[in-house]
Amino acid sequence: MTNPAPPTMLPFIDLGAQRRRLGTAIDEAILRVVDHGAYILGPEVTEFERRLAAFCGAKHAVSCSNGTDALSLVLMAKGAREGQAVLCPSFTYTATAEAIARTGATPLFVDVLEDTFNMDPASLENAVRTARHLKLDPVGVIPVDIFGQPADYDAIAPVCEREGLWMLCDAAQSFGSTYKGRRVGTFGLATTTSFFPAKPLGCYGDGGAVTTDDDDLARTLVSLRFHGLTADRTDHERFGMTGRLDTIQAAILIEKLNIFEDELEARQRIAARYAEGLGDLAIPPHVRPDCMSSWAIYTIRVKPEQRAGLAAHLRAKGIPTGMYYPKPVHRLMAYKHFPSAGNGLPVTEKLSLDVVSLPIHPYLDEETQDRIIGEARAALA
Ligand SMILES: *Cc1c(COP(=O)(O)O)cnc(C)c1O
């Protein structure tokens, strides 16, 4: 998610500032693991899983190697395979569709809503019809909480119920966010997240987790992430993978979880200031009044002809921008042969031409933010 920047550039996400805030806590946590030596599934992994489940109110949290494997583990547990279709947005990071494609199932792309950038329930209904028309068996849907805001679960769930689909929530960008007052992590069959360093809750390497209230699914995931091991560890009952979270990463995440709520609050303030400072010259992200975003990425919309100029102006002033996502997944080389919902993905196509993302992280001070707003205004006016 971050691009390496020359030293005069502001960081897109300032992990150094977070590290300074945490003082020696992380160093000490890492050293404890190095000393006790339980590098794989050590006590910190169990402790982190307990804390993570409590944080979002889920019955189980199963940590794993990364956010993509988290999706894969659930898809494997559900037996996703050739001949089946799993419905997901194209306006997302590649990993969502990749996890589906790797099982042999067909990712079938669904359009998004223009205001929230999240899955459009009407397009989802179209996608179900498209799947059947293509003689594919639609089995599940992965609505993505893009940029940090939860998808409209209450609008998607009835379609799933009617069509007999499971719902797997990809909260790689939205962990910590809320939907109608409830933290993501307990909607649908399961929720996956990523601890990639640039995500709202990141570790110092790769990591991920699945949360669920389903006891059987949780047991299966624990087996799958360790080569299909049985609960008594005497046999292997299925094909799994090397899918565990390192103990060192769990120890780091425990320390970061301690300050996570405070960081989420800081992100709200920053996002509100951006919206106030830029709302008359660009379209700021729309957050539904019943949602709280975790602001993994702050994405505005400008006129397509303004976008390159804005990015170039900011870059010249030492301000990095991102583009999420210039090429929607259904236009990527490896994915362009997969089907899309019946009437196409017009909103996805449109957004890919006019979105641009500004730096956001909890340690972006007001002075720096004003500089970013000022320079963006200068470029857009
Ligand atoms: C980052 C991301 C993933 C994958 O997470 P990794 O930990 O990088 O494997 C999946 N889905 C979305 C929407 C993401 O942003």
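The values are calculated or read from the model by the stated rules, or taken from the named source; none is laboratory data. Bear in mind the structure is a predicted one, so any value in this text is a computation, not a measurement. When we count neighbours, we look across all protein chains shown, and the Cβ atoms used for this are built from the backbone with ideal geometry, even at glycine.
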With (1) touching a residue at least 60 places away in the same chain (Cβ under 8 Å); (2) within 16 Å of the ligand (Cβ to nearest atom); (3) more than 23 Å from G228 (Cα to Cα); (4) touching a strand residue (DSSP E or B) at 6+ places or on another chain (Cβ under 8 Å) as the list, and N118 as the residue in question, which single condition is left unmet?
(1)
Is it the case that segment 276-283 has a residue that's outside the structural domain of A97 (by TED's automatic domain parsing), part of a helix (DSSP H, G or I) and without any contact (Cβ under 8 Å) to a residue 60 or more places away in the chain?
yes
Some residue of segment 185-193 being assigned by TED's automatic domain parsing to the domain that holds M241, more than 13 Å from the ligand (Cβ to nearest atom) and more than 29 Å from H361 (Cβ to Cβ):
yes
In segment 284-304, anything assigned to a loop (DSSP other than H, G, I, E, B) and crowded, with 18+ Cβ neighbours inside 10 Å is listed as P284, P285, V287, S293, S294, W295, A296, I297, V302
Could you grab me the full set of residues in segment 157-176 that are within 16 Å of the ligand (Cβ to nearest atom) and surrounded by fewer than 24 Cβ atoms within 10 Å (Cβ to Cβ)?
M167
Considering residues that are of a type in the set (V, I, T) and within 16 Å of the ligand (Cβ to nearest atom), the number found within segment 208-244 is 3
Single match in V128, V139 (criterion: aliphatic (A, V, I, L, M), farther than 23 Å from K180 by Cβ, at pLDDT 95 or above and surrounded by fewer than 23 Cβ atoms within 10 Å (Cβ to Cβ))
V139
From the set of residues in segment 138-156 that are free of Cβ contacts under 8 Å to residues at least 40 places away in the same chain and not acidic (D, E), which is nearest to the ligand (Cβ to nearest atom)?
A151
Taking segment 284-314 and the residues there that are without any contact (Cβ under 8 Å) to a residue 40 or more places away in the chain and not small (G, A, S), the one that is farthest from V112 (Cα to Cα) would be E305
When you look at T96, is it under 18 Å from the mean Cα position of the chain (by Cα), within 16 Å of the ligand (Cβ to nearest atom) and not in a helix (DSSP H, G or I), yes or no?
no
Residues that are surrounded by fewer than 15 Cβ atoms within 10 Å (Cβ to Cβ) and either touching a helix residue (DSSP H, G or I) at 6+ places or on another chain (Cβ under 8 Å) or in contact (Cβ under 8 Å) with a residue 40 or more places away in the chain (or both), drawn from segment 353-367:
L353, E366
Exactly one of (1) of a type in the set (G, A, S); (2) within 16 Å of the ligand (Cβ to nearest atom); (3) over 14 Å from the mean Cα position of the chain (by Cα); (4) surrounded by 19 or more Cβ atoms within 10 Å (Cβ to Cβ) is unmet by G205. Its number?
(4)
